[in-house]
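Below is one structure, written out as structure tokens; the observations come after it.
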Amino acid sequence: MTSPRKPKLGQNFLADDTARHAIADAIGDPSDRTVIEIGPGHGAITTILAPRCRRLILVELDRALAAELRFRFRETPSVEVIEADILTVDLPALVPHGETADVIGNLPYYITSDILLKLFAASAHLRRAVLMMQREVAERIAASPGVRDYGLLSATTQLYARVDNLFTLPPSAFNPPPDVFSTVIRLDFASRFADLGVDPASFDTFLRRAFAQKRKTLRNNLRAANWTSTQIESNWPENLPPEARAESLTLEQMASVYLALNQSQA
Ligand code: SAM
């Protein structure tokens, strides 16, 4: 069974045998685990993982590909195919009570950020994710404060997970080749909210405000949100320069600003 390729769905299929094995291996030993694969396509990673997992859930939007996978794995009861947009799937509902699941996928690049946000929202139910994405996005995710690539996506990801940048592939590793290089990252979910002493929802909002305009100082971004100059100046942590930008602060420093301002409002 073959289906016409749908470029709008980010259908660049992995054609490099070493790479598909390396991605499957990066999830670790899944023999007693539930693994959710995002965008399995023609099954480049799936065929390696299926015999290894206790349970493998495939989420594929393309109807013809979902049908192809259902047929291919019709005699493998551990494999389940969900024909759906991953962004609409209730991830926690797929994870058995009291367990965590792993996520794997050569992602459809057009929705990488949305998928990441979805994984963060479900991160209490997840242990690990191994994800292929555009190299530039992976570099932003793994960047440290103070370097050019560090921004809201880096800070948010590092709040929810430890990030490992595993390896990069050239366009020739795919069929058809995409216009960009691709990088595989591993996220080990471990939220930092408790150790930073911050409330998840309100710190998330604070971060979005802090990073709202890249060229502005953090103080100016906060002024443009809902804090007055007096509140900001009188509660500013002593060890931070007044002209600091969000991009240069560690999560600990960002949390110290957030906690000081919140105390001033209490
Ligand atoms: N895993 C396969 C591989 O490595 O060869 C295919 C990867 S391809 C880059 C992305 C896959 O995601 C395609 O199969 C595409 O149909 C699927 N896809 C695109 N948008 C999706 C969505 N919103 N939800 C689930 N799957 C999607």
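The values are calculated or read from the model by the stated rules, or taken from the named source; none is laboratory data. All of these numbers come straight from a predicted model, not from anything done at the bench. A quick note on method: Cβ atoms are made from the backbone with ideal geometry, for glycine too, and the neighbour counts reach across all protein chains shown.
Quick notes
- Of all residues making up segment 54-74, the number that are of a type outside the set (Asp, Glu) and near the ligand (Cβ under 6 Å from one of its atoms): 3
- Being assigned by the TED database to the domain that holds Ala124 and crowded, with 18+ Cβ neighbours inside 10 Å holds for only one residue in Leu69, Leu87, and it is Leu69.
- Matching residues, segment 78-105, being in a strand (DSSP E or B), more than 18 Å from Ala66 (Cα to Cα) and not hydrophobic (A, V, I, L, M, F, W, C): Asp102
- The set of residues from segment 136-150 being crowded, with 17+ Cβ neighbours inside 10 Å and not hydrophobic (A, V, I, L, M, F, W, C) comprises Glu139, Arg140, Pro145, Tyr150.
- Count of segment 185-202 residues which are surrounded by 15 or more Cβ atoms within 10 Å (Cβ to Cβ) and out of contact with any helix residue (DSSP H, G or I) (no Cβ under 6 Å at 6 or more places or on another chain): 1
- Subset of segment 56-66 (residues that are surrounded by 13 or more Cβ atoms within 10 Å (Cβ to Cβ) and either of a type outside the set (A, V, I, L, M) or not assigned by the TED database to the domain that holds Ile27 (or both)): Glu60, Asp62
- Only one of the listed residues (Leu69, Leu119) is in contact (Cβ under 8 Å) with a residue 60 or more places away in the chain and part of a helix (DSSP H, G or I). That residue is Leu119.
- Criterion: more than 14 Å from the ligand (Cβ to nearest atom) and either modelled with pLDDT under 95 or under 24 Å from His125 (Cβ atoms) (or both) - qualifying residue of Pro51, Pro77, Pro40: Pro77
- Set Ala64, Ala129, Ala138, Ala124: member being of a type in the set (Gly, Ala, Ser) and part of a strand (DSSP E or B): Ala129
- Asp114 meets the conditions (1) in contact with a helix residue (DSSP H, G or I) (Cβ under 6 Å, 6 or more places away or on another chain); (2) within 16 Å of the ligand (Cβ to nearest atom); (3) outside any helix (DSSP H, G or I) in every case but one. The failed one is (3).
- Some residue of segment 138-154 being within 16 Å of the ligand (Cβ to nearest atom) and at pLDDT 95 or above: yes
- Taking the criterion of being surrounded by fewer than 19 Cβ atoms within 10 Å (Cβ to Cβ), within 11 Å of the ligand (Cβ to nearest atom) and assigned to a loop (DSSP other than H, G, I, E, B), the residues of segment 1-37 that qualify are Ser3, Arg5, Lys6, Gly10, Ala15, Asp16.
- Residues that are of a type in the set (A, V, I, L, M) and over 29 Å from the mean Cα position of the chain (by Cα) are absent from segment 214-230.
- On inspection, Pro170 fails the criterion of being in contact (Cβ under 8 Å) with a residue 60 or more places away in the chain and either touching a Lys or Arg at 6+ places or on another chain (Cβ under 7 Å) or assigned by the TED database to the domain that holds Ala143 (or both).
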